[in-house]
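Below is one structure, written out as structure tokens, with a few remarks after it.
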Amino acid sequence: MQDIKSSISQMNALELSAQKNTIIHRLQAPVKIITTVIYLLIIISYGQGQVSRLIPCFFYPAVVMALGEIPFKTIAGRLLIALPFSLFAGISNLMFSRETAFILGGIAVTAGMVSFASIMLKTALCVTAVLILIATTDMNGLAYGMLSLRVPPVIVTQIMLTYRYIGVIAEEASVMRHAYLLRAPNEKGIRMKDMGAFLGQLIIRSFDRSERIYNAMKCRGYEGRIAYSDREKISLKGWAYITVTSVFFLLLRFVNVSALVGSLFL
Amino acid sequence: MLKIESISVTYPDGHKVLEHLDFHIEKGETVGIVGTNGAGKSTLLMSVVGILIPEEGRILVEGTEVCKKNLSEIRRRAGVVFQNPDDQLFMSNVYDDIAFGLRNYGDSEETVREKISGIAGVLGIEKLLQSHSHKLSGGEKRIAALASILVMEPSLVLFDEPTSFLDPKTRRKLMNFLKGLEVTKLIATHDLDMALEICDRVLVLKDGAVFAEGRAREILADEKLMDAAGLELPFCMQGIE
Ligand SMILES: Nc1ncnc2c1ncn2[C@@H]1O[C@H](COP(=O)(O)OP(=O)(O)OP(=O)(O)O)[C@@H](O)[C@H]1O
Ligand SMILES: [Mg+2]
């Protein structure tokens with residue numbers, strides 16, 4: 001709650017970096033979307049025990065971040081928001097699968113620890129890939145990219161509106177929090193006993209605000225789907241990018257790169 | 001131009017706000033709507049563009065009735081500048097925001113570009129086009145919101161409190177702009193001095209009905225009438241004695 005303003009500005013930081021002009025930014029939106037989806041599918045397909053096999057997969061986000069001049073800090077900040085969720089999923093593994101998987105430096109590593117690590121790694125990889133997509137493609141580009149990939153307009157519009165409403169709720173929350181703290185100078189945050197009223201009010205206000213925004217949209221001819229700029233076909237260069245990255249992902253997936261690199265030095 | 005024939009509007013929660021309201025505006029007129037908080041000004045504007053549909057009476061914009069099947073046509077002709085520009089700007093940058101309506105009505109990207117550069121020139125906001133909507137100052141937001149409506153070349157523009165949040169200089173600039181703007185205007189406002197200066201006619205609303213109507217100079221100067229409507233004289237008429 002403390003940092004609503006800063007999370008709004010983080011959201012903006014990500015959007016702002018989408019305005020840059022680098023090799024990655026210049027790629028067509030659908031190309032980036034397809035590549036990201038393939039990457040996600042590959043990551044998800046790894047088994048629970050394949051921790052060491054996942055590590056080389058960081059190569060792709062690292063390269064794209066470097067080429068796209070995306071500040072590491074921006075991505076890391078957002079990543080930290082997502083990790084706690086998978087932490088909960090991962091912890092249950094720690095508790096339930098206690099049988100020893102292997103011994104590392106005299107410590108018994110349980111199967112639970114291995115799958116915990118792989119869940120965390122997978123989350124980190126997937127979230128990073130999506131964040132990079134957002135940081136290199138502006139929201140309209142994404143929307144239009146999804147449309148040209150034949151994602152139904154209704155769904156695209158939902159995603160766009162959800163994105164917009166997150167901003168609305170955050171803004172309302174920040175205004176209300178200021179109003180609260182100005183009249184409760186001794187409090188650091190919102191007192192637990194006021195939290196119910198605060199959240200209730202926040203929801204009502206956000207609904208009201210969303211309703212007004214929706215009305216304003218209708219006044220300008222909005223009829224359930226946002227109209228976007230012209231669609232273009234994926235260029236030859238785009239297909240080339242998709243092919244090269246996909247082949248690379250498949251290599252990572254089916255060739256044990258860490259073992260290969262290891263064997264080169266042994 | 002705009003004909004409102006005995007409309008009554010009730011909110012879904014049963015709150016009856018307008019009752020048998022009747023009036024019309026001629027082409028090219030600038031008409032002010034004044035009235036206390038809660039008199040029903042915003043409600044009236046929302047009914048004209050069909051966000052609220054009156055349960056009685058009817059509204060005609062250039063002869064076209066405001067009803068479900070005509071909404072798209074009505075909204076192309078009548079634009080609303082909202083009370084709070086934050087509600088109006090929702091795309092990530094100003095350019096896309098101004099383009100929103102045009103794209104909805106199927107204009108090509110080239111036309112969109114031309115029209116936006118035109119309106120940006122008129123309003124002097126070329127520099128803001130690539131800015132983030134929520135990083136603008138209150139006054140800049142208002143101008144951006146205005147641009148997003150005017151770019152659609154409506155023949156009737158409805159304004160809800162256009163001068164709120166503006167500093168005196170920006171307010172003055174906006175007023176001069178409105179004076180020169182050759183479309184039919186309906187302006188809901190508490191800024192009586194502005195109404196006096198730029199409106200040909202005013203409509204005084206009280207409890208959801210027309211309380212008085214007439215030439216701006218006559219109505220706004222009538223101390224008894226204004227008092228009865230719960231309002232005061234414009235500052236410039238209060239005199240310093
Ligand atoms: N969404 C709503 N649901 C129910 N009642 C509403 C709603 N919006 C407004 N009202 C009520 O309708 C009446 C008229 O509101 P309206 O917003 O039209 O007034 P207004 O003349 O624009 O006032 P202001 O000068 O304060 O903007 C008020 O009594 C208000 O409480
Ligand atoms: Mg109002």
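Structure above, values below:
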| item | result |
| --- | --- |
| Helix B:138-150 vs. chain B, principal-axis angle (Cα, 0 to 90°, nearest 10) | 80 |
| Distance violations [Cα-Cα > 32 Å] among A:193/B:135; B:41/B:179; B:135/B:173; A:20/B:179; A:73/B:141 | A:193/B:135; A:20/B:179 |
| Dimensionless Rg over Rh [chain A; C-alpha; Kirkwood] | 1.03 |
| Span-like helix ranges in chain A, DSSP H, alpha carbon extent 18 angstrom or more, Kyte mean at least -0.5 | A:4-17, A:29-45, A:72-96, A:111-136, A:153-183, A:192-219, A:236-254 |
| Estimated inter-spin distance, residue B:181 and residue A:48, nm [label 7 Å along Cα→Cβ] | 6.4 |
| 1.4 Å probe accessible area per residue over the protein assembly as shown, in Å² | 50 |
| Of B:187, B:143, B:33, the one that fluctuates the most in a GNM where chain B has Cα springs shorter than 10 Å | B:143 |
| Magnitude of the charge dipole, region B:132-241, Cβ model with Lys/Arg +1 and Asp/Glu -1, debye to 20 | 520 |
| Farthest positive-ward along chain A dipole, Cα basis, beta-carbon charges - from A:217, A:117, A:89 | A:217 |
| C-alpha center-to-center spacing [region A:183-200, region A:107-123] in angstrom | 39 |
| Within chain A: Cβ-based charge dipole about Cα centre, in debye rounded to nearest 20 (Lys, Arg +1; Asp, Glu -1) | 200 |
| Residues with amide H under 5 Å from that of residue B:206, placed H, sequence gap 5 or more | B:211 |
| Pairwise burial A:B, computed as accessible area of each alone minus the pair, summed, 1.4 Å, Å² | 2500 |
| Gyration tensor over alpha-carbon atoms, region B:1-83, equivalent ellipsoid semi-axes in Å | 19, 16, 12 |
| Radius 14 Å from Cβ of residue B:167, net charge of other residues (Lys, Arg +1; Asp, Glu -1) | +4 |
| Shape parameters for the protein assembly as shown, alpha-carbon atoms, Rg then Dmax in Å | 28.7, 100 |
| Sequence-separation-based contact order of chain A, relative, with Cα cut under 8 Å and 6+ spacing, percent | 31 |
| Candidates A:23, A:33, A:81: whichever shows maximal mean-square fluctuation once chain A is modelled as a Gaussian network with Cα springs under 10 Å | A:81 |
| Using alpha-carbon coordinates, inclination of helix B:109-123 to the longest axis of chain B, degrees | 50 |
| Unit charges at the beta carbon, dipole of region B:34-171: most positive-side option, B:80, B:168, B:95 | B:168 |
| Tensor-based shape of region A:79-229 (alpha-carbon gyration tensor, a/c under 1.5 rounded, otherwise prolate or oblate) | oblate |
| Once the Cα gyration tensor of chain B is diagonalised, semi-axes √(5λ) in Å | 29, 23, 15 |
| Within the accessible area of chain B (1.4 Å probe), percent carbon and sulfur | 49 |
| Efficiency of FRET between residue A:243 and residue A:80 - r from beta-carbon atoms, R0 35 angstrom, step 0.05 | 0.55 |
| Surface share of carbon and sulfur [accessible, 1.4 angstrom probe, percent] for region A:2-248 | 69 |
| Dipole axis of the protein assembly as shown (+1 Lys, Arg; -1 Asp, Glu on Cβ), positive-most option in B:18, A:203, B:119 | A:203 |
| Selected from A:119, A:204, A:43 as most flexible by GNM, with chain A as the system and alpha-carbon contacts under 10 Å | A:204 |
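The values are calculated or read from the model by the stated rules, or taken from the named source; none is laboratory data. None of the values given here were measured: they were computed from a predicted structure. FYI the Cβ positions are ideal-geometry reconstructions off the backbone, even for glycines, and counts take in every protein chain you see. Areas reflect the complete protein model, heavy atoms only, side chains present, ligands, DNA and RNA absent. Shrake-Rupley method; radii C 1.70, N 1.55, O 1.52, S 1.80 Å.
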